[in-house]
Amino acid sequence: MESFGLAYLAAGIGAGLTVIGAATGIGKLAAATMEASGRQPEVIGQVRVSMLISAALIEGAAFFALAICIILATK
């Protein structure tokens, strides 16, 4: 197998693991937010804002990791 093929394979595996990790993190975040809003409905606005900020940080890290996978595959 050529080195380019291995680079593409590694980038694909890395991208897949990144997406799985981000999806798991956001899923746990959303579950915790729904549980918190069910327990204390009066603070749902504050919880929602915190959830959106945390989800944005998780997505930012995931996009950064995907960009690194793509850059490393094309070198």
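The values are calculated or read from the model by the stated rules, or taken from the named source; none is laboratory data. Every value quoted in this text rests on a predicted model; they were computed, and no experiment measured them. Ideal geometry is used to build each Cβ from the backbone, glycine not excepted, and the neighbour counts take in all protein chains shown. Only protein heavy atoms, including side chains, enter the accessible area calculation; ligands, DNA and RNA are left aside. Shrake-Rupley method; radii C 1.70, N 1.55, O 1.52, S 1.80 Å.
For the range 17-31, the candidate set comprises residues that are surrounded by 12 or more Cβ atoms within 10 Å (Cβ to Cβ) and free of Cβ contacts under 8 Å to residues at least 12 places away in the same chain; within that set, the residue that is nearest to Thr74 (Cα to Cα) is Leu17.
Among the residues in the range 32-54, are any assigned to a helix (DSSP H, G or I), modelled with pLDDT of 90 or more, within 30 Å of Ala73 (Cα to Cα) and open to solvent by 40 Å² or more (accessible area, probe 1.4 Å)? For the range 32-54, residues assigned to a helix (DSSP H, G or I), modelled with pLDDT of 90 or more, within 30 Å of Ala73 (Cα to Cα) and open to solvent by 40 Å² or more (accessible area, probe 1.4 Å): present.
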